[in-house]
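Okay, so here's the structure we're looking at.
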Amino acid sequence: MDFKDYYKVLGVDKDATDVEIKKVYRQLAKKYHPDKNPGNKEAEERFKEISEAYGVIGDKEKRKDYDKLASNWQRYQQAGQGGDWFQNFQNQRGQSANFEGSFSDLFNNMGYKDIFSSIFGGAQGGAERPYSGRRSAKSGTHKRGDDVEVELLLTLEEVFTGGEKEISVEGKIIKVKIPRGIEDGKKLRLKYQAPTGRYGSDKGDLYLKIKIAEHDYFKRDGLDLFVEEKIDLFTAMLGGKKHIKIIDGKTISINIDPETDSGKTLRLKGLGMYNEDGSFRGDLYIKLLIILPKNISQDDKSILKNIANKNK
């Protein structure tokens, strides 16, 4: 069984803080996100790899268990033993090892709590629950697998449009319907899509916890969007037009009134995010910031001084 060094995958030290790990993950996720690398298989695989790594060491509980397992693997390698280190590690504890797959499968495909329950004595084992299905072949009682929760990273544009998104679970492609305007932290439930239950029992449910990537331009508050736009001094003084990009990718033109103050906020109704059923749309708020001109000529300075004197 292979071992993956998730710290190496993210390029962080083993004693990195949670904040440092999260910061690096966001930078990498932004760099390798499929939307920024269309058709690039290498970037897609890299994105999956860093998401997998963050799903483990980005979670305090999972990171603690991962570090325990990693230390046992390192001791096993230093002892120069061959074969399947995971199987031998379990056998040393008098337990059978019937798991086949990669180390990442432990966390992402099998449900890490059950795995660590068998390895470390059940301190974090997930409870089996009754279900209305077939009987367990071994225990003779009705059982079902544990529910599993994973993080699903979405762009703000994906949340705006909604629709179907494909994800990979146990090597199987599953289509997930993303509701328009879904909030960060919300969970989507996929019934019976979690890894297989124990002893051939029915599968549990897969929960997708929504994580919305930070946007370079838009800031979101509920269904409303907020942006900052820079305008030059002369447009602010005399008025004019400004072209801006909205969330659906279109470019629109807005009017700037004469004598506009820096910090003034314009409200464009109905240009924010949709609600989940698409029946309502929030607003777009544009904060105008005046940028002062540079390298002003002496003649222009004289004109500005005259204007300033008249306004005293």
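Data table
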read-out	value
R0 of 22 Å, Cβ-Cβ distance Ile167-Asp13: FRET efficiency to nearest 0.05	0.15
Assigned charges on the beta-carbon of Lys, Arg, Asp, Glu; the range 11-52 dipole about Cα centre (debye)	220
Gain on full stretching of the segment that runs from Asp184 to Glu42 - 0.36 nm per residue minus C-alpha separation	48.4 nm
Most to least packed among 37-44, 273-280 [average Cβ atoms within 10 Å]	273-280, 37-44
Net length gained if the chain between Lys269 and Ser253 were fully extended (0.36 nm per residue, minus Cα distance)	4.3 nm
Signed unit charges on C-beta, dipole axis of the range 137-286, positive-most listed residue Leu188, Phe226, Gly162	Leu188
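Every number in this text was worked out from the coordinates using simple rules, so none of it is lab data. Given the structure is predicted, the values throughout are model-derived calculations rather than measurements. Note: ideal-geometry Cβ built from the backbone for every residue, glycine included; neighbour counts use all protein chains shown.
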